[in-house]
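S.K.: Have a look at this one before I ask anything.
The values are calculated or read from the model by the stated rules, or taken from the named source; none is laboratory data. These figures come from a predicted structure and were not determined experimentally. Note that each Cβ is placed from the backbone with ideal geometry, even for glycine, and that neighbours are counted across all protein chains shown.
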Amino acid sequence: TSRSCELAVTHLTDKILTNIDNKKLNGLLLVDFKKAFDLVDHEILILKLRMFGCSPLVFTSYLSDRYQRTYFKNTLSDMRPLKIGVPQGSILGPLLFILFINDLPSQLSHSEYTMFADDTTVLTEVSSIHDLNVKLNLVAQDLSTWTQQNRMVTNTLKTKTMLIHSPQQLKNTSDRSLSVTINGNYACT
């Protein structure tokens with residue numbers, strides 16, 4: 001709901017303002033997963049659902065024997081089996097995705113996070129740009145580990161970093177840039 005989205009933004013904004021009041025620099029990593037709903041691995045999802053105490057039979061049945069086809073320029077493609085991904089346009093699809101990524105925060109040990117649907121924002125705070133870069137790169141390593149373990153892909157072209165600070169915090173600093181790499185690619189600021 002929009003209320004949940006507003007709550008996520010309010011929580012993040014409040015934390016950033018508190019950090020600024022405490023003379024901390026804020027570094028954000030705004031994560032974009034490439035084809036997030038389409039890449040959910042069914043076997044991994046079923047294992048995670050078991051950890052939540054859900055019966056795998058219902059979900060295995062729900063996810064198996066699904067097919068899709070596309071209609072483009074008056075042409076209908078052949079039916080193709082869906083072996084990964086959660087059904088989009090369904091009520092369960094977004095819920096299954098949320099349950100799938102629910103363990104991501106346990107990997108992000110160097111930060112706080114805000115998650116809403118397939119959007120994940122990671123917040124770190126420290127006193128210097130150098131320390132912020134170190135911390136954000138540790139987060140990026142944690143994120144890479146999680147994506148590899150879960151067969152997801154971080155869209156490095158759409159994943160961004162952001163530096164938020166008060167005007168006074170960087171007066172005496174010449175280096176004001178974040179330098180974060182994810183899977184060998186720089187995340188844009």
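S.K.: Between a first residue in the stretch 117-143 that is farther than 14 Å from Ile164 by Cβ and a second residue that is assigned to a helix (DSSP H, G or I), which pairs have beta carbons less than 6 Å apart while being 6 or more apart in sequence or on different chains?
M.R.: Partner pairs satisfying both residue conditions: Asp142/Gln107.
S.K.: Another question, if that's okay. Being in contact with a helix residue (DSSP H, G or I) (Cβ under 6 Å, 6 or more places away or on another chain), closer than 23 Å to Lys48 by Cα and among the hydrophobic types (A, V, I, L, M, F, W, C) is true for just one of Val122, Val153. Which residue is that?
M.R.: Details: Val153 fails: in contact with a helix residue (DSSP H, G or I) (Cβ under 6 Å, 6 or more places away or on another chain).
Being in contact with a helix residue (DSSP H, G or I) (Cβ under 6 Å, 6 or more places away or on another chain), closer than 23 Å to Lys48 by Cα and among the hydrophobic types (A, V, I, L, M, F, W, C) holds for just one of Val122, Val153, which is Val122.
S.K.: Being out of contact with any Ser or Thr (no Cβ under 9 Å at 6 or more places or on another chain), of a type in the set (Val, Ile, Thr) and farther than 18 Å from Trp146 by Cβ is the filter here, so list the residues in the stretch 13-69 that pass it.
M.R.: The answer is Thr13, Ile16, Thr18, Val58, Thr60.
S.K.: How many residues are of a type outside the set (Ser, Thr, Tyr), modelled with pLDDT of 90 or more and over 11 Å from the mean Cα position of the chain (by Cα) when one looks only at the stretch 104-125?
M.R.: 2
S.K.: What pairs come up if the first residue lies in the stretch 21-35 and is outside any strand (DSSP E or B), the second is among the acidic types (Asp, Glu), and their beta carbons are under 9 Å apart, counting only those six or more places apart or on different chains?
M.R.: Pairs found: Asn22/Glu125; Lys24/Glu125.
S.K.: Which of the residues that make up the stretch 64-86 are surrounded by 12 or more Cβ atoms within 10 Å (Cβ to Cβ) and without any contact (Cβ under 8 Å) to a residue 24 or more places away in the chain? Can you show your working first?
M.R.: So the first thing to find is which residues in the stretch 64-86 are surrounded by 12 or more Cβ atoms within 10 Å (Cβ to Cβ), and the list is 66, 68, 82, 84-86.
Result: Arg66, Gln68, Leu82.
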